[in-house]
């Protein structure tokens, strides 16, 4: 499915908070309200999915197997929000887009039909700690250069279809769930962080991905990650991960992933 010339588009959907039962209580209405939000936040990876529909609809599997996308999240999207996704061409093989809700621009991003080549150097693998023995997230437990424990799981069509429905995407774009959505993959960048360290309420703020091949029903996925940075920014503690996702040694996605693992409001509450 290839579109020869891009056009500006507008799509409206009703946002859905997929993470109300998550260990990350920033998605819980009561906890999020203590930090000044009006409800639990729709996960950034799901807002990413709302945006990722646009390059997928425009370029199809060409993009899913070799494209680029970057998105940054500024303001929350809440469960039940009437959410508008707009896109505009930036030339024949590039686009920019935004998500808005309640009159606010909540996220912006861009995509290119062709991204960077797969990395020539593989990140190392690491042992995943037991859930009960994860260290608390900190500048000590997330040191720059540290290899995180490797996440392994199998992609299934059933799980893919559930994800596609939850993020309001179109299953026909993904061979009725037989091919993984880019945002399904990006969720694993969250998971590899959360399964290595114990987090309180935390916020995904930005991701940049390069796709290298497609992940199919029944294929095993390996998610490797290393800490690229860990900084104090405006009182928030933020970690940056470099992530590689592979199946049978074949690159599927590489990404850089930014997350505030200790918001300023949490630090203030503990001081």
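Overview of values
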{"quantity": "Only listed residue being closer than 26 Å to residue 139 by Cβ and surrounded by fewer than 18 Cβ atoms within 10 Å (Cβ to Cβ), chosen from 223, 231", "calculated": "231"}
{"quantity": "Out of 217, 170, 210, sole residue that is surrounded by 17 or more Cβ atoms within 10 Å (Cβ to Cβ) and touching a helix residue (DSSP H, G or I) at 6+ places or on another chain (Cβ under 8 Å)", "calculated": "217"}
{"quantity": "Options 123, 142, 148; residue that is under 18 Å from the mean Cα position of the chain (by Cα), surrounded by 15 or more Cβ atoms within 10 Å (Cβ to Cβ) and in contact (Cβ under 8 Å) with a residue 60 or more places away in the chain", "calculated": "148"}
{"quantity": "Test for residue 163: is it touching a helix residue (DSSP H, G or I) at 6+ places or on another chain (Cβ under 7 Å) and at negative phi", "calculated": "yes"}
{"quantity": "Residue that is modelled with pLDDT of 95 or more and surrounded by fewer than 22 Cβ atoms within 10 Å (Cβ to Cβ), where the choices are 84, 38", "calculated": "84"}
{"quantity": "Hits in region 173-186 - residues which are surrounded by fewer than 19 Cβ atoms within 10 Å (Cβ to Cβ) and on the phi > 0 side of the Ramachandran plot", "calculated": "175, 176"}
{"quantity": "Sole residue being modelled with pLDDT of 95 or more and within 17 Å of the chain's Cα centre (by Cα), chosen from 110, 133", "calculated": "110"}
{"quantity": "Residue match in region 179-192 (condition: free of Cβ contacts under 8 Å to residues at least 24 places away in the same chain, out of contact with any strand residue (DSSP E or B) (no Cβ under 6 Å at 6 or more places or on another chain) and more than 16 Å from residue 63 (Cβ to Cβ))", "calculated": "no"}
{"quantity": "Residue selected from region 187-203 under the condition in contact with a helix residue (DSSP H, G or I) (Cβ under 8 Å, 6 or more places away or on another chain) and more than 22 Å from residue 64 (Cα to Cα), by the criterion surrounded by the most Cβ atoms within 10 Å (Cβ to Cβ)", "calculated": "202"}
{"quantity": "Which listed residue, of 32, 21, 57, is surrounded by fewer than 24 Cβ atoms within 10 Å (Cβ to Cβ) and at pLDDT 95 or above", "calculated": "57"}
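The values are calculated or read from the model by the stated rules, or taken from the named source; none is laboratory data. These numbers were taken from a predicted model, which means no experiment stands behind them. Ideal geometry is used to build each Cβ from the backbone, glycine not excepted, and the neighbour counts take in all protein chains shown.
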